1. Compute the FRET efficiency between VAL119 and ARG247 as 1/(1 + (r/R0)^6), taking r as their Cβ-Cβ distance and R0 = 30 Å, and round to the nearest 0.05.
2. What ³J(HN,Hα) values, in whole Hz, does the Karplus curve 6.51 cos²θ - 1.76 cosθ + 1.60 give for the stretch 195-201 when θ = phi - 60°, with x put for Gly and Pro?
3. If you consider only alpha-carbon coordinates, what radius of gyration and Dmax does the stretch 44-119 have, in Å?
4. Given 0.36 nm per residue, what is the gain on full extension from ILE207 to ASP34 after removing their alpha carbon distance, in nm?
5. Please rank ILE289, ILE111, fewest neighbouring Cβ atoms within 10 Å first, as an exposure proxy.
6. Can you compute the FRET efficiency between ILE289 and ALA128 using 1/(1 + (r/R0)^6), with r the Cβ-Cβ distance and R0 = 22 Å? Round to the nearest 0.05.
7. Based on alpha-carbon positions alone, could you give the equivalent ellipsoid semi-axes of the stretch 169-259 from the gyration tensor, as √(5λ), descending, whole Å?
8. With every atom except the alpha carbons ignored, what do you get for Rg and Dmax of the stretch 103-221, in angstroms?
Amino acid sequence: MYSFVKTSVKKTSAIVLMDVVWAAYLFISNWVVDYLDSAFVAGMLLRGAAFVFLTVFLLCKKEFRELFKQGKITWILLLIGVLGFTTDLFANIGFKYGNLSTGAVLLKTDIIMTNVITVVIFKHKLHAKEWIGSLIMLGGVILVLGVGSKNFSFNWYDLFFIASAISVTIDAFIIKHAKNVYHVKSDMIAYYNNMVVLVLFTLASFISGDFKLLGVVKLNYVFYILFVVGGLAQTCIYIFYYYNLDRMQVWQVKLALLVIPVISLILGVLVDGEKVTWLQGLGIGIMLIGAVIVVIHVKLKKHEKVIKQTEMGLSDIPNEGEIKHIDELENNQENDDLGGKNEFNN
């Protein structure tokens, strides 16, 4: 019983920490972008800070030399970084010309895209309850974001939001592929990802001329503190996001990320004194209902597999070893799907 609870707490903590650091990064990133009036310079600085943290992290783990021993897999690592950059770039272009509310919703459609890819390409069947739970959570997110029918419209430039959602979805599957099929360490993926995004943001800053803003904008101590914290948050995103991709399917990780708007709302209340509307409160409730539907179904499905494979009694609770065994079986099945069907498998 103790081992089962311990395992569940560890997994839940990893999900919660992933959502919290991601929400914190988005909060700080938006503030830095507004302060500098440049998404390119803000991205360059925040990724630069993360670059320093990741370098120290690898040096402490004595893994820095492994960066230069990736061989042909380096091209996949660079592709992951390019997709990471295009995710931010397309979203920024969409927000520049489009509607904030429309963009916020369209960017969250990555959960639907992930589910479709999971079913169509990798032939992993999702139960109706998993689809229903995902859609219910997405509906709750829309309410939390404060989006109504009046401020939701679609124009040609909103296609950039969809492109961003597609980019981040493909990126997640390629990361999963690199980890499961080629056994690339999370640290290596994180470092290459951040390095490529940093280089591309720097180039974009020079090409756009935004780099000159650093000599014009007055930077105070609050900016420097947030700059460092933002870089640390980005580093933690890599750690927890990749950790969860190790033990969960991509669609499950994407579903967990839907909680970020709720955490962002809480941060807005605590930091900026924002007020929660009754619609947003309703949205949080709806999200919780959707999450409960999915979590209970996944737990019951996994418990049934444990019973079938270990011939346990219905009254028994699976221990840590049995839960790990089932997780490994599911990951092995997903590895086979990724290795056999993914175009990047040579």
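Just so it is clear, none of the values below were taken in a lab; they were calculated from the coordinates. Just so it is clear, the structure is predicted and the values come from calculations on it, not from any experiment. Cβ coordinates were reconstructed from backbone atoms using ideal geometry, including for glycine residues, and neighbour counts include every protein chain displayed.
1. Working: r = 21 Å, r/R0 = 0.69.
Approximately 0.90, to the nearest 0.05.
2. Ordered by residue, 3J(HN,Hα) equals 5, 5, 4, 4, 4, 5, 5 Hz.
3. Taking only Cα atoms of the stretch 44-119, I get Rg and Dmax of 17.0, 46 Å.
4. Details: separation 173, 0.36 × 173 = 62.28 nm, distance 1.99 nm.
Roughly 60.3 nm would be gained on extension.
5. Values: ILE289 14, ILE111 22.
Ascending number of Cβ neighbours within 10 Å: ILE289, ILE111.
6. Values: r = 16 Å, r/R0 = 0.71.
That gives a FRET efficiency of 0.90.
7. Numbers: eigenvalues 193, 53, 28 Å².
Whole-Å semi-axes of the equivalent ellipsoid: 31, 16, 12.
8. 19.0, 55
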